[in-house]
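Below is one structure, written out as structure tokens, with a few remarks after it.
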Amino acid sequence: MRLSVTGTVFSGMGKGKYYVGHPEYQRRFRERLGYSPYPGTLNVKLEDGALIRKLEEIRKADGVKIEGFTLGGESFSSLTCFEGELRGEKVTLLFIDITYYNETVAELVSPAYLRGKLGLKDGEYVTFSVDVPTPRQGRP
């Protein structure tokens with residue numbers, strides 16, 4: 001099932017660049033998603049309650065898991081990933097177990113630098129779609 005979500009692009013705190021660009025996360029992304037994402041996230045703020053609930057429903061689905069890890073005494077969070085598309089570009093929606101944002105923010109990664117490639121600016125509305133696996137019959 002493919003779901004569409006709309007929100008506003010905004011600049012984050014810069015933490016995505018550090019974490020997504022970390023060599024161990026990059027290795028795990030390549031292994032689990034088949035690509036190395038651009039180091040950083042595209043942050044999309046959802047303002048509509050129905051869209052926020054939709055995002056919460058996506059969070060409950062079975063996505064691609066990337067397990068957390070600890071290196072040099074620093075902990076790195078587990079992630080659940082859902083592949084999708086934004087204006088023809090491949091994106092992956094990340095649900096990060098430990099994040100600085102609340103449920104109104106979608107964090108996307110992509111092989112491309114989306115702001116540059118698509119000319120995205122803060123305050124711009126975007127719609128991205130996400131592939132969500134449908135639960136199997138009889139599953140709790």
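Given the options Leu86, Leu33, Leu42, Leu51, name the one that is under 11 Å from the mean Cα position of the chain (by Cα) and either touching a residue at least 40 places away in the same chain (Cβ under 8 Å) or farther than 19 Å from Val9 by Cβ (or both). Talk me through it step by step, then tell me what you get.
On the way: Leu86 fails: under 11 Å from the mean Cα position of the chain (by Cα); Leu33 fails: under 11 Å from the mean Cα position of the chain (by Cα); Leu51 fails: under 11 Å from the mean Cα position of the chain (by Cα).
So the residue among Leu86, Leu33, Leu42, Leu51 that is under 11 Å from the mean Cα position of the chain (by Cα) and either touching a residue at least 40 places away in the same chain (Cβ under 8 Å) or farther than 19 Å from Val9 by Cβ (or both) is Leu42.
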Exercise for the section: Assess whether Leu94 counts as being in contact (Cβ under 8 Å) with a residue 60 or more places away in the chain and either over 15 Å from Gly21 (Cβ atoms) or buried (at least 22 other Cβ atoms within 10 Å of the Cβ) (or both). Expected result: no
Handout entry: Every residue from the range 104-123 that is more than 16 Å from Leu93 (Cβ to Cβ) and of a type in the set (Ser, Thr, Tyr)
Key = Tyr113
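Where in the range 1-119 are there helices (runs of 4 or more DSSP H), lying fully within it, with 3 or more residues that are aliphatic (A, V, I, L, M) and more than 19 Å from Pro133 (Cα to Cα)? Write out each step before concluding.
Details: elements: 15-21, 23-33, 49-60, 114-118.
Output list is empty.
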Problem - Any pair with Cβ under 6 angstrom, 6 or more apart, that starts in the range 123-140 at a residue that is at pLDDT 80 or above and ends at one that is assigned to a loop (DSSP other than H, G, I, E, B) - result: Val132/Met1; Val132/Ala61; Pro133/Ala61; Pro133/Asp62
Practice task
Go through the range 5-46 residue by residue and tally those that are more than 21 Å from Lys121 (Cβ to Cβ) and either among the hydroxyl-bearing types (Ser, Thr, Tyr) or surrounded by 14 or more Cβ atoms within 10 Å (Cβ to Cβ) (or both).
Solution key: 12
Practice task
State yes or no: is Leu3 closer than 24 Å to Arg115 by Cα, in contact with a strand residue (DSSP E or B) (Cβ under 7 Å, 6 or more places away or on another chain) and modelled with pLDDT under 90?
Solution key: yes
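The values are calculated or read from the model by the stated rules, or taken from the named source; none is laboratory data. Predicted model only: the values in this text are computed from it and were never measured. Note that each Cβ is placed from the backbone with ideal geometry, even for glycine, and that neighbours are counted across all protein chains shown.
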